[in-house]
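Just below is one structure, and these are the notes that go with it.
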Amino acid sequence: MLLLIAIFITITYLIIIGLLTYGFDKVKDFKLQNLESKTKFSVVIPFRNEAENLPDLLTSISNLNYPKSLFEIILVNDDSNDESVLIIEKILASNSTIDNIRIIKNERTSNSPKKDAITSAIKVSNYNWIVTTDADCVLPQYWLDTFDESIQTEKPNCIVAPVTYHGENSFLNRFQTLDFLSLQGATIGGFGIDKAFMCNGANFAYKKSEFKSVKGFEGNDGIASGDDMFLLEKFIKHDSKKVSYLKAKTAIVTTNPAENLKNLVHQRIRWASKASRYNFWFSKLVGLIVLLGNLVFLGLIISLIFNYSSSQTIIALLVIKFSIDFLLLFKTTRFFRQDNLLLSYLFSIILYPIFNVSVAFLSFFKTYEWKGRNFKK
């Protein structure tokens, strides 16, 4: 009976991940056409105690190719108690090429500091297109150019764009980058089958008018995280045809992986803790099937070791899961030009189910730490 359940879950997992893999190819690569720049952007970047990361961010901002007259940078200080503001001021004073940046303070009104920071910036923004990213990110040179040409040619109201990790080549970094890329692959695949269900606030753009139309973060501002996912759900509900994915290498934003295992666990608990509050049935279904698929994987490994069931059937089920996971990850790593990470896949495939199941379990009971603050689910 247990083996039949394992077979059913594995086949369902194969179908879901197979659909996302199919959807990944359905989203066409977007390439720049050298159109004249037209769109004006307000780039919103909340920060809290990011003294270590801000110099790289500001350098990437100074290297942006987009006309400076067409964008502004709004840095939102979320109660930093390090030298973040001082570092920003020093860099701005010494670099005359960065003259369209201002720092504002976060106006706290809810249980979500980041949502408050974004709302604070939007209130004082000068332009209709809002682009959000994080203070530990590095922006590509043609970042805003790519957004602009997508807006000119596709006329969206909301754009989800790619994010990946940079950093040292340690096993922990390779492991979490592969995990993160699997999420990116699923994100792209969801758009390809018209079931968009994920995005990342480190590379997210939308019209301020649309933000106001859906009443911003109203209704989920009691949840600390989810500034991106809950807003995406609102945009899709309002007009799904105007929400698009920007599958462009020139738009890939890179960010830092978690520094250590503790931070990684807290990060993933934060992500998992908001899943039960999602409104879209497809996102809940994918999350459930992935969790069950990983539980079955662990059960099959144990059964294989102790010879509880037919080894041929168990090996076949393991190969099915291994193969479909690898296919989606292979396509994703090639798009992000990180296919060298696949060398760590054999090790990660054993550890990931343990990690995934553990995080899902902990998310029901454990608080998480984020930017030096503790939050409940």
- request: Skip the ligands, DNA and RNA, and give the accessible area per residue of the stretch 289-340 with a 1.4 Å probe, whole Å².
  value: 53
task: Count the net charge of all other residues whose Cβ sits under 12 Å from the Cβ of GLU259, scoring Lys and Arg as +1 and Asp and Glu as -1.
output: -2
statement: Given a 1.4 Å probe, the accessible area of the stretch 115-221 per residue, as a whole number of Å², is 31
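With the cut-off at 26 Å, tell me which of the pairs LYS31/LYS195; LYS38/LYS123; LYS38/LYS274 have Cα atoms farther apart than that.
Working: LYS31/LYS195 23 Å; LYS38/LYS123 22 Å; LYS38/LYS274 37 Å.
Check vs 26 Å cut-off fails for LYS38/LYS274.
Could you quote the convex hull projected area for the stretch 208-307, Cα atoms only and averaged over all directions, in nm²?
Working: hull surface 39.5 nm².
Mean shadow area of the hull around the Cα atoms is 9.9 nm².
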statement: In nm, the gap between the two label points placed 7 Å beyond Cα toward Cβ at ASN126 and LYS28 is 3.5
field: Model label zone, GLU36; criterion: amide N under 14 Å from point 7 Å along Cα-to-beta-carbon; scope the stretch 100-128
entry: none
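How would you order 97-103, 179-185 from highest to lowest mean count of nearby Cβ atoms within 10 Å?
Working: 97-103: 13.7, 179-185: 20.6.
Highest mean packing first, the order is 179-185, 97-103.
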message: Apply the Karplus curve 6.51 cos²θ - 1.76 cosθ + 1.60, θ = phi - 60°, to the phi angles in the stretch 338-348 and return the couplings in whole Hz, x for Gly and Pro.
response: 10, 5, 5, 5, 5, 4, 8, 5, 4, 6, 5
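For the chain, which whole-number percentage of the solvent-accessible area (1.4 Å probe, protein heavy atoms only) is attributable to carbon and sulfur atoms? It would help to have the intermediate numbers written out before the result.
Working: 9890 of 17530 Å².
Taking all protein chains in place, the chain shows 56 percent carbon and sulfur surface.
The values are calculated or read from the model by the stated rules, or taken from the named source; none is laboratory data. Predicted, not measured: the structure shown is a model, and the values here were computed from it. Because the Cβ atoms are built from the backbone with ideal geometry, glycine has one as well, and the counts that use them run over all protein chains shown. The protein model used for the area step is the full one, side chains on, heavy atoms only, and it has no ligands, DNA or RNA in it. Shrake-Rupley method; radii C 1.70, N 1.55, O 1.52, S 1.80 Å.
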